[in-house]
Amino acid sequence: MDGDLSALYARLGVSPRVYAYGEAALERLADRFGEIDAVAEYNQGKVLASMRENRLSAAHFAATTGYGYDDAGREVLERIYAGIFHTEAALVRPQITCGTHALAVALSANLLPGDELLSPAGAPYDTLEEVIGIRESPCSLAEYGVSYRQVDLLPDGSFDYDGIRSAIHGKTKLITIQRSKGYAVRPSFSVEQIGELIRFCKSVKPDVKVLVDNCYGEFVERREPSDVGADMTAGSLIKNPGGGLAPAGGYICGTRACVERCAYRLSAPGLGQEVGANLGLLPALYQGLFLAPAVTAGALKGAVFAANLYEPLGFPCVPGGEEPRHDIIQAVELGSREAMSAFCLGIQSAAPVDSFVTPEPWPMPGYDAEVIMAAGAFVQGSSIELSADGPIRPPYAVYFQGGLTWYHAKLGILMSLQKLAEAGLVTLPE
Ligand SMILES: *Cc1c(COP(=O)(O)O)cnc(C)c1O
C-alpha cells in the first residue's frame, strides 16, 4: 500500500515483527528526543552566532593552491571555530588527516624531551598507544624522550584523585583526557566531569597544560571541554564537527600559545599557521559545520534508540538506555564474533553506498586485535555517517555511531536487529 511505512520497511528488509518492536521502543523516547533537540537548537545558535560575528561571506569560499598565503577563507573558518569553542585560536585544516593526527600534532608540539605526559583517566584510544610509545613505534613520543604515566580509573569508574596527585610531579608538562570511551567499556565523561578533573590537576600544578580528545563529543552538550579549562581541544572533521560534508580534516582549538606550536609542528617552524592551501574544500567545511549540530542530534537519537532496543533483549549497553549522553557512541555487548558480524551486516545493508557488501574482520593498522567495520559512507571512513565497528575480543562489543539523519540511523539499527534475528542470535518478545 502506498504510504505504508511498515510495507516500505519490509521492502528494505525489516520484518513487521522487528518494525513493531522498534515502534514500541520509540514510544518511550519522546522526552529524550525533545532534550536532544533542545541541545541541537542551542548549538545551532552558537554556530550561527560565530558565523555572523566573523562576517562569513561568499568570498571566503574561494579555493587557494600552492603555499596558501593570505587565505582569508581558511582564517575566517579558524576564527569561527575559535568562536564556537570560546578559545583564543584554532587550527582547522584538511591537512590534518584524522583525529589521531590532530592529537599527535597537539602532543608532539607541546611536549619536549624530558617532559612527561600524564593520562589521569585510564588508557588512551588505541591508535594513541603508538603515538605515545606505549606500544613501540618509530617516531613515537617515547623515542623522542617524552615519558608517559597513566592513572587508571577506580573500580567504580571515578577518578583516582589520590593517584593523580601523586603522579603529577616536576616533569609533568601535559595532561591528556579522552572524553569519549573509545573502544573501552567505561562511561564517556561529561564536560562537567572533565572540568572537575582539569580543576583538580591545575590545583596540583597550576602551569600544567591539558589536552582533551574531543572525538565524537562535539555538540552533544551545550558546552565543550574548552569551556571548562582545557588548553587544547582536538578532534576529527569526519566525525561530528564536519557534519558529514567535510571530506577530510581535523581541528585543534585552544590557547594562542598552544595552537601556535601545533601550527609549527603541522607545517614547519617559522611557517606555522600562515601556510596550507585550502584546495577548494572550504565550502564543505563551512556547510558541514553549519549542519553539525543537527547531524549530531540525529546520531544521538540513533544511539539512544539502539540502547533502548538492545538492552531489553539482554545485551548490556554502554551507556544504558536511560543514561545521559556525552558522545554519540553506543557500545552494545553482543557476546560473540557471530553476533558482531550479524550486527555489522545489518548496518552495512542499510547503507546508501555499498549496501551489498558483507563486512569481514580484518587486522587494522593502529589496532592490536582484528577489527570488523560496517560503513557504507559517502566519505570514506566517515564515522559521523552510520557505521559500526569493534575489535574482535571479549566482551565482543560493537561500537555503533553516526547517521546523517535520524531516519537512516533508525533503519540501520532495525536492520542490525533483523540480521541477529535471522541468524537465530536473538529472540524478540511475543
Ligand atoms: C576516532 C577517535 C580518535 C581518532 O581516530 P581517527 O580514526 O584517527 O580519526 C581518537 N580518539 C577517540 C576517542 C576517537 O573516537
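The values are calculated or read from the model by the stated rules, or taken from the named source; none is laboratory data. All values reported here derive from a predicted model rather than from experimental measurement. Virtual Cβ from ideal backbone geometry, glycine too; neighbours counted across all protein chains shown. Each accessible area value is taken on the protein alone, full model and side chains, heavy atoms only, with ligands, DNA and RNA left out. Shrake-Rupley method; radii C 1.70, N 1.55, O 1.52, S 1.80 Å.
Observations on the structure shown:
- Kirkwood Rh in Å, taken over all unlike Cα pairs in the stretch 127-180: 12.6
- Taking each residue as 0.36 nm, the span from W362 to R55 lengthens on full extension beyond its C-alpha to C-alpha distance by 105.8 nm.
- Accessible surface of L48, taken over heavy atoms with a 1.4 Å probe and every protein chain present, rounds to 80 Å².
- Cα-Cα pairs of the stretch 71-200 separated by more than 23 Å (percent): 40
- In the chain, the sites counted are chymotrypsin sites (Phe, Trp or Tyr not before Pro) in DSSP loop states with at most 11 other Cβ atoms within 10 Å, and the longest stretch holding none of them, exclusive of the sites, is 70-355.
- Taking every alpha-carbon pair under 8 Å whose residues sit at least 6 apart, the chain reaches a relative contact order of 18 percent.
- Label-to-label distance for R222 and E75 is 3.4 nm, based on points extended 7 Å past Cα in the beta-carbon direction.
- Tilt relative to the chain, helix 30-53 - C-alpha long axis, 0 to 90 degrees, to 10: 30
- Only lysine pairs 8 or more places apart or on separate chains count here, and in the chain those with Cα atoms under 14 Å apart total 6.
- The accessible area of L8, taken with all protein chains in place and a 1.4 Å probe, comes to roughly 80 Å².
- Treating r as the C-beta distance of H86 and S6 and R0 as 51 Å, the FRET efficiency rounds to 0.65.
- Computed over protein heavy atoms with a 1.4 Å probe, the accessible surface of the chain works out to 41 Å² per residue.
- Spatial separation of Cα centroids for the stretch 24-66 and the stretch 323-359, in angstrom: 26
- Scattering profile of the chain at q = 0.12, 0.13 Å⁻¹ [log10 I(q)/I(0), Debye over alpha-carbon scatterers]: -0.98, -1.14
- The heavy atoms of K410 present about 20 square angstrom of accessible area, all protein chains included, probe 1.4 Å.
- Within the accessible area of the stretch 229-356, the carbon and sulfur atoms contribute 57%, probe 1.4 Å, all protein chains present.
- To the nearest ten degrees, helix 191-204 and the longest principal axis of the Cα atoms of the chain are 30 degrees apart.
- With one equal scatterer per alpha carbon and no solvent term, the Debye-computed log10 I(q)/I(0) for the stretch 318-414 at 0.10 1/Å reads -0.24.
- Kirkwood-type hydrodynamic radius, the stretch 1-119: 19.5 Å, calculated from all non-identical alpha-carbon pairs.
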